[in-house]
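> Before I ask anything, let me first share the structure, which is written out below as structure tokens.
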Amino acid sequence: HDLDPSERPDFQRTLSFYPPEARAAVEKSILEALENGSAWDMTVPLVTRTGRNVWVRIMGVAEKTNGVVTRLSGAMQDVTDRLQAEQRLARAIAGSSDAFFEWDLTNPSRAWFSPRLEEMLGYGPDELQPDAVRDLMWPEDQQRTEAALQRHFDTGEPYDVLLQLPTRAGELRWFRARGRGGRGGSGKA
């Protein structure tokens with residue numbers, strides 16, 4: 001808030017740091033917590049006393065005594081840097097002509113790919129399930145992909161595979177998949 005450490009703002013002064021659209025959501029969450037003991041957790045913009053624009057995550061819980069809310073406890077965290085980094089990454093992904101992917105080898109159903117792959121294959125947004133991409137591959141491409149992945153983890157050889165995928169209209173297109181794997185805390189790929 002860029003306040004002097006001795007300053008203790010009241011509820012209305014605290015709300016005044018939030019732009020109108022965020023102020024209404026913050027006030028509603030706190031009033032609901034006072035009324036029924038609900039918790040809150042939200043990320044909202046805030047304008048400090050000096051005019052700096054930041055994003056904060058605010059969360060809190062209501063404590064009850066004999067069914068009556070007697071205390072609100074909470075925390076606030078400046079998440080501006082993290083949120084800006086996420087927004088930059090999202091813009092980079094959206095602006096790229098490449099399709100990006102992430103494949104969790106411990107749980108293949110948690111695969112992710114950027115929307116660009118759906119566009120390349122002629123599918124609409126959220127129409128192509130991540131685990132379906134592997135199923136679109138020819139069996140030979142599946143085997144080559146798995147072998148290249150194994151070599152990557154065994155020898156450090158770059159993961160770099162050419163494969164064909166059919167578009168929604170049935171046209172076969174060539175793709176080059178390149179990536180770098182990581183290992184979890186247990187050392188497992």
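The values are calculated or read from the model by the stated rules, or taken from the named source; none is laboratory data. None of the values given here were measured: they were computed from a predicted structure. Heads up, the Cβs are rebuilt from the backbone with ideal geometry, glycines too, and the neighbour counts pull from every protein chain shown. These area figures cover heavy atoms from the full protein model, side chains too; ligands, DNA and RNA do not enter into them. Shrake-Rupley method; radii C 1.70, N 1.55, O 1.52, S 1.80 Å.
> Calculate how steeply helix 20-36 sits against the longest principal axis of the alpha-carbon atoms of the chain, using the helix alpha-carbon long axis, and give the answer as 0 to 90 degrees to the nearest 10.
Once rounded, the angle reads 70 degrees.
> A follow-up question, please. In region 35-50, whose amide N lies under 20 Å from the spot 7 Å out along Cα-to-Cβ of Val61? List them in ranges.
35-43
> Okay, next question. Considering only protein heavy atoms and a 1.4 Å probe, what is the carbon-and-sulfur percentage of the accessible area of the chain?
On the way: 6410 of 12690 Å².
The C+S portion of the solvent-accessible surface of the chain is 51 percent.
> Send over a whole-number figure in Å² for the accessible area per residue of the chain, probe 1.4 Å.
Details: 12690 Å² over 189 residues.
Per residue, the chain has an accessible area of 67 Å².
> Here's something else I'd like to know. At q = 0.14 Å⁻¹, what base-10 log of I(q)/I(0) does the Debye formula yield for region 98-161 when every alpha carbon is treated as an equal point scatterer in vacuo?
The Debye formula, applied to the Cα set alone, gives -0.45.
> Here's another thing I want to ask about it. What is the angle, in °, between the Cα long axis of helix 139-155 and the longest principal axis of the Cα atoms in the chain? Nearest 10 is fine, range 0 to 90.
Tilt relative to the chain: about 70 degrees.
> To continue, here is another question. Please sort 158-165, 139-146 by packing, taking for each peptide the average over its residues of neighbouring beta carbons within 10 angstrom, highest first.
Numbers: 158-165: 14.9, 139-146: 13.0.
Put in order of decreasing packing, that is 158-165, 139-146.
> Apply the Karplus curve 6.51 cos²θ - 1.76 cosθ + 1.60, θ = phi - 60°, to the phi angles in region 92-100 and return the couplings in whole Hz, x for Gly and Pro.
3J(HN,Hα) across region 92-100, in whole Hz: 5, 5, 5, x, 8, 8, 8, 9, 9.
> Here's a follow-up. In deg cm²/dmol, rounded to 500, what helix-only [θ] at 222 nm does the chain give when every DSSP H run of at least 4 residues adds -39500 (n - 2.57) and the total is split over its residues? Before the final figure, lay out the partial values.
Numbers: 6 runs with 69 residues, N = 189.
Result for the chain: -11000 deg cm²/dmol, rounded to the nearest 500.
> Considering only protein heavy atoms, what is the solvent-accessible area of Asp135 at a probe of 1.4 Å, reported in Å² to the nearest 10?
110
> Let me ask something additional. Would you work out which of Ser109, Val61, Thr167 lies farthest towards the positive end of the dipole of region 51-181, given +1 charges on the beta-carbon of Lys and Arg and -1 on that of Asp and Glu, about the Cα centre?
Val61
> Separate question: Let me have the relative contact order for the chain, percent, based on Cα pairs under 8 Å that are six or more residues apart. Let's see the in-between values first.
Values: 243 pairs, mean separation 19.3, N = 189.
Result for the chain is 10 percent.
> Ok, one more. If you take every residue apart from Pro115 with its C-beta less than 14 Å away from the C-beta of Pro115, what net charge results, scoring Lys and Arg +1 and Asp and Glu -1?
Working: positive: Arg91, Arg116; negative: Asp98, Glu102, Glu118, Glu119, Asp126, Glu127.
Charge balance in the 14 Å sphere: -4.
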